[in-house]
Structures are given as C-alpha cells and as structure tokens.
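The values are calculated or read from the model by the stated rules, or taken from the named source; none is laboratory data. Note that the structure is predicted; figures quoted are calculated from it, not measured. Note: ideal-geometry Cβ built from the backbone for every residue, glycine included; neighbour counts use all protein chains shown.
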Amino acid sequence: MFGIDIRQKAWSAGLIVLFFVSWELFCLMTGMSDLVLPRPSQVFVTLVQRFPVLWPHIVQTLATTMFGFVLGVALGVALGAIIGVSRTAYDTCYPLLIGFSSIPKVAVVPIFVLWFGSGTVPAVLTALSICFFPIVVNIATGLATTEPELEDVLKALGASKLDILWNVGLPRTMPFFFASLKVAISYAFVGAVLSETVASNRGIGNVMMTASSNFNVPLVFAGLFVLAGLGVALYVVFSLIEGQVTGWATRKSDVIAT
Amino acid sequence: MRMQPNTRFDGRPVPEGAAATAIELSAASVTFGRGERAVPALSETTLRIADGEFVALVGPSGCGKSTILRLVSGLVQPTSGVVIVGGREVAARAMRVGMAFQNPTMLPWMTIERNIMLPLKIVEPFRSNFRRLRKTEFRDKANALLEQVGLKGFGNRYPWQLSGGMLQRANLCRALIHEPRMLLLDEPFGALDQFTREELWAILQTLWMTHKPTVLLVTHDLREAGFLASRICVMSARPGRILDDSRVDFARPRTVAMTFEPDFVALNQKLRAFIEDARSAAQQGAG
C-alpha cells in the first residue's frame, strides 16, 4: 500500500513537470510572443524579481479571504444547524437558498461596491457570500440524514432532542462540515480575487488587472501562479485538518485498499 | 406480585405465579394523517403480554406490526384506546425500552464498546454516573454482554471492521445494556443470510433465557417466530388486528434441527395459512 502511494505521487509530480516542460517547449518552438503567452521560465523569473512588490498584495488577498471565510463559516454553521434540525425549516428555506446560491457572484460585486465603496469591504462580502452556501448545505444535510432507526432507539430511551443532537447529530456532521470547509476556502479565495479584480486598488486580483492593462503579461501570469499556489496551499491545510478530525469517515476505504 | 413501575429489570427470573402484565393494549387504534388522507394503521387491537414473555408478531407486510412496537415504546400515541406498559399508561414520555431494528445503526466514529454504552449516556440512573463509571463498571458491563453474544475482544474495534452479523449482535447488546424490562425487535435479522440468522436466533434465545426481559419481536420469518417465541400473534392486513394468538410450547433451549420436526412444520403451516387468508382478503378488498 505504501509503495502504491509513493508511485501515485511520483506520477502526479511527473505530470506537473511534463505540463510546464511542454509549455516551455511549445513557446520556444512556435516563437510565441511574450505578449500572448510567456514561457513558464520567464514567469518564474518575474515572480522572483517582483516578489517584494507582490508580497503586500498577497497578504491583502489572504487576509480578505480568511476574513470572509471565517464570517461565512460562522453564518453557514448557524443557518445550517437551524435548517438541519427541523424538517419543516429545511423544506421551507431550501428554495430561497437555491435562489441565492444560483446568482453568479460577479453580479453582486457592483452592488457591494455601490453600498460600501471599492476596496476591502466588498471583497470580504463577496468571499463570504460565495463560501457560506456549501457550509449551510453540508451542515443541514449532515443533521437531516441521521438514521431514523437510531433516532427511534434513542427516543425510546427517553433521549431529548438535545441529547440526540449532541451525541449523534453533531459528530455525524463533522465530515460534511470539514469537506465543506475545503470547498468553502477555495470559494472564498475566488470571491476575494474576483472582487479585487473588479473594484479594488490592492490585492493580487488588482495586480493582475493593472499588469494586463500595461501589457506586462509575464506579471499577469506571475499573479496567476501565486493564486494557484495559494489556492492549493489553503486546500491542503484544510484537507490535513479534515483528516485529523474525521479520520473515521474515510477509514473504510483504507481497509479495502490493504 | 406486581412490579413497581420504576423498578428496572434486575436479571432474576420472574417469581413463581407472578404473571404480572407487562404490556396491555385495550382496543388501541392508530390512524396516521387526518381527514381524507387518513391511513388507518391499526384497528382496535387488544393484546395482553405477561412479564417475561417472548411474543412474536407475524403478518403480511404493512399490517401494523411495527406500529404496535412504536405504540409500546411510546414513539406513537394511540388515536383511540389505551396502551399500558409496566403498569402505567404510555404518555408522551418514552418507556426506556431497548429497541433494535434491521439496520444496526452503529455510530462509525465510536468503538463497538462505546456504541453499546450509548444508552447509558441517556438513561438514568446510569446517566448521572456515566463520566465516573464509563471506564470501569460500565465498560465491564458492555464487555460481559459482548462475550455473551460471542464478540469477546471486539469491544475496541470500529463498526466498519465488523461483518453484518457481528454488528447485529452488537445491536442486541446495545438494546440490552441499560437492563430494560422490555426488548422490542423490529425484524432484527431481516438483512442477514440464513446461517447467520439461525446462529443469532440461538444467541437471542440465550440472552432471553438469562436476562428474561419481555420481548416483542416483529418478523416475516415464520421459522424465526417458531424458534424464538413462546407465543405467536398473527395479524391481518392493514388496518391490522390480531387474527390468531397461539402458544408455542417446544422445550428450550430450542435448536435449528427442531425446526424441521413435524410438530414445528405443522405450526408453521398453520401460521402460513392464516397469513395467506389475510393477504387474499386484503387483495379482494383492494380490488
């Protein structure tokens, strides 16, 4: 099992290297202009050279993302718990929630800008509004899918609603919750960058916007690389936390693998 | 000698001549829904079960067998009639009975031991002592039960490490850990293969013979009913009522071999005939 794991990782790493090497070769062979598609090596050089300039923007984007994410999680958990505990609340609120979630969030940014001016606030709000939905849905689903038989067993013992929520509902929601955190952090990141691109003078989104209007294409791509790196890093952090907290939910597949 | 409502079952056999009533349904009916969409699930059922009896409920599917279990456990209130359990009328309050369903519903994040101890976290007097005794007395209690069902040493495994039959044994342990005077089983072995099922019949029989709770077993399997029960009630199709109530007097402990003897087969055929009648009556009624 260990050997398979290592080999799998080697293949993944190989594919990433292959991707960049082919990109580099493609640009060299076709004589592609920097203005259209810079070579990855150029992008890396730009990234390293301009890093001191990029750094405050990275911090800004990360801070906005985390702020929106934390607010989104708080709101999402509260709403998800209310909806998940009662079947009626679940059925009543669901259509409205679907309605809200299907609005493309780009469309909301101008409204936030109108209300709060351009800058950090609309970015935080966009991150919040885009990331809280998966949390609501997952918490509510986790609570709503408690086996009815188990609930009967406990009710027959005289368990209160709170007993059931505490002993069964909440622990059972944890894998759903952490899975949704992983999705939510990526969404919050997308939301923050989106808003920065449209209406801000700070953050990676803004850097890319400015660079593209100056035709500094390598810098645009450097921004893109930073975004990819940050996105992956956030995802990995939350995957690790998830694995630590809710290992029981994934153990079954490990057994099959051995 | 009548047992006090609050005395829990204490493991000793019921004293001689003490045929105290454990469960009494008097003309109990249950209707789900209201008005035009009302579905009668149980019609005027009268049933009296003595303390320590093992009663099996059989009948065509959807005949209200499970409704009787839910009435007795206090999960459902009778629409009319009276349900008396342990000497008092079933109110909104639950009866603290042990229940087990076809689906073992072990919590995947807990070891088997801790799963079995779950009722102790909820039922008094165990509840107030749970923190203090969970690592000593309560754990020993759980492991003693596990040993009885042949799961010795599996207490610290997780549910996903056990087979379906093993989980169902653990499920029986969970239903019995708080020493209920009453055990309600809703097709507990329905999802198991024939051999595992027969094995678990013997285990349930042993558990009943040692703990002597009142058992109400809902099943589709007539051999299962004959093997386990001291009394079998046959129910009609929806809305259910009791068509036949017969005693089963085969000597205990009963064996699987016994289920192929003529007496047993005759009983089986008698029950089958009742259910066939009930089914065809229901179909004519529907057509």
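Taking the stretch B:196-243 as the region of interest, how many residues are part of a helix (DSSP H, G or I) and of a type in the set (Ser, Thr, Tyr)? Please lay out each step first, then the result.
Here is the first cut: in the stretch B:196-243, the ones part of a helix (DSSP H, G or I) are B:196-211, B:222-228.
If we keep only those that are of a type in the set (Ser, Thr, Tyr) too, we end up with B:196, B:206, B:210.
Adding up the residues that qualify gives 3.
Taking the conditions exactly as written (away from chain A (no Cβ under 14 Å), closer than 15 Å to residue B:218 by Cα and within 16 Å of the chain's Cα centre (by Cα)), does residue B:57 satisfy them or not? Show your work before the answer.
On the way: away from chain A (no Cβ under 14 Å): yes; closer than 15 Å to residue B:218 by Cα: yes; within 16 Å of the chain's Cα centre (by Cα): yes.
Yes.
Report the residue count in the stretch B:67-79 for those that are part of a helix (DSSP H, G or I) and at the interface with another protein chain (Cβ under 10 Å from one of its Cβ atoms).
Within the stretch B:67-79, the first condition is being part of a helix (DSSP H, G or I), and the residues that meet it are B:67-73.
So of that shortlist, the ones also at the interface with another protein chain (Cβ under 10 Å from one of its Cβ atoms) come out as B:69-70, B:72-73.
Summing the residues that are part of a helix (DSSP H, G or I) and at the interface with another protein chain (Cβ under 10 Å from one of its Cβ atoms) in the stretch B:67-79 gives 4.
Within the stretch A:19-28, can one find any residue that is within 26 Å of the chain's Cα centre (by Cα), without any contact (Cβ under 8 Å) to a residue 12 or more places away in the chain and outside the structural domain of residue A:227 (by TED's automatic domain parsing)? Break it down stepwise before answering.
Filtering the stretch A:19-28 down to residues within 26 Å of the chain's Cα centre (by Cα) leaves A:19-20.
Now restrict to residues that are without any contact (Cβ under 8 Å) to a residue 12 or more places away in the chain: A:19.
Within this subset, residues satisfying the condition of being outside the structural domain of residue A:227 (by TED's automatic domain parsing) are A:19.
Yes, the conditions are met somewhere in the stretch A:19-28.
Residue A:170: closer than 16 Å to residue B:119 by Cβ, free of Cβ contacts under 8 Å to residues at least 40 places away in the same chain and in the same structural domain as residue A:89 (by TED's automatic domain parsing), yes or no? Step through it out loud before you land on a result.
Details: closer than 16 Å to residue B:119 by Cβ: no; free of Cβ contacts under 8 Å to residues at least 40 places away in the same chain: yes; in the same structural domain as residue A:89 (by TED's automatic domain parsing): yes.
No; evaluated as a whole, the condition is false for this residue.
Is it true that residue A:183 is in a helix (DSSP H, G or I), away from chain B (no Cβ under 14 Å) and at pLDDT 90 or above? Walk me through how you get there before you give the answer.
Values: in a helix (DSSP H, G or I): yes; away from chain B (no Cβ under 14 Å): yes; at pLDDT 90 or above: no.
So residue A:183 does not fit the description; no.
Residues of the stretch B:180-204 being surrounded by 17 or more Cβ atoms within 10 Å (Cβ to Cβ) and within 23 Å of residue A:156 (Cα to Cα), which ones?
Residues satisfying the conditions are B:180, B:181, B:182, B:183, B:184, B:185, B:186, B:187, B:188, B:189, B:204.
When you check residue B:251 against the structure, is it hydrophobic (A, V, I, L, M, F, W, C), surrounded by fewer than 18 Cβ atoms within 10 Å (Cβ to Cβ) and more than 27 Å from residue B:87 (Cβ to Cβ), yes or no? Walk me through it before giving the result.
On the way: hydrophobic (A, V, I, L, M, F, W, C): yes; surrounded by fewer than 18 Cβ atoms within 10 Å (Cβ to Cβ): yes; more than 27 Å from residue B:87 (Cβ to Cβ): yes.
Answer is yes for this residue.
Residues are listed down the side, and each one gets a yes or a no for (1) within 24 Å of residue A:191 (Cα to Cα); (2) charged (D, E, K, R); (3) modelled with pLDDT of 85 or more:
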{"position": "A:136", "(1), (2), (3)": "yes, no, yes"}
{"position": "A:140", "(1), (2), (3)": "yes, no, yes"}
{"position": "A:144", "(1), (2), (3)": "no, no, no"}
{"position": "A:154", "(1), (2), (3)": "no, no, yes"}
{"position": "A:161", "(1), (2), (3)": "no, yes, no"}
{"position": "A:165", "(1), (2), (3)": "no, no, no"}
{"position": "A:168", "(1), (2), (3)": "no, no, yes"}
{"position": "A:176", "(1), (2), (3)": "yes, no, no"}
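Anything in the stretch B:45-88 that is closer than 19 Å to residue B:188 by Cβ and of a type in the set (Lys, Arg)? List them, or say none.
B:65, B:70
Testing residue B:249 on (1) at pLDDT below 90; (2) under 20 Å from residue B:72 (Cα atoms), one condition comes back false. Which one is that?
Exception for residue B:249: condition (2).
Out of the stretch B:182-195, which residues are of a type outside the set (A, V, I, L, M, F, W, C) and either assigned to a loop (DSSP other than H, G, I, E, B) or within 14 Å of chain A (Cβ to nearest Cβ) (or both)? Spell out the reasoning first.
Going residue by residue through the stretch B:182-195, those that are of a type outside the set (A, V, I, L, M, F, W, C) are B:186-188, B:190, B:193-194.
If the condition is that a residue be of a type outside the set (A, V, I, L, M, F, W, C) and either assigned to a loop (DSSP other than H, G, I, E, B) or within 14 Å of chain A (Cβ to nearest Cβ) (or both), then B:186, B:187, B:188, B:190, B:193 are the ones that fit.
Consider residue B:227 against the criteria (1) closer than 19 Å to residue B:151 by Cα; (2) free of Cβ contacts under 8 Å to residues at least 40 places away in the same chain; (3) crowded, with 17+ Cβ neighbours inside 10 Å; (4) among the aromatic types (Phe, Trp, Tyr): it satisfies all of them except one. Which criterion is unmet?
All conditions are met except number (1).
Here are some conditions: (1) closer than 20 Å to residue B:225 by Cα; (2) modelled with pLDDT of 85 or more. Residue B:61 meets all but one. Which one does it not meet?
Answer for residue B:61: the failing condition is (2).
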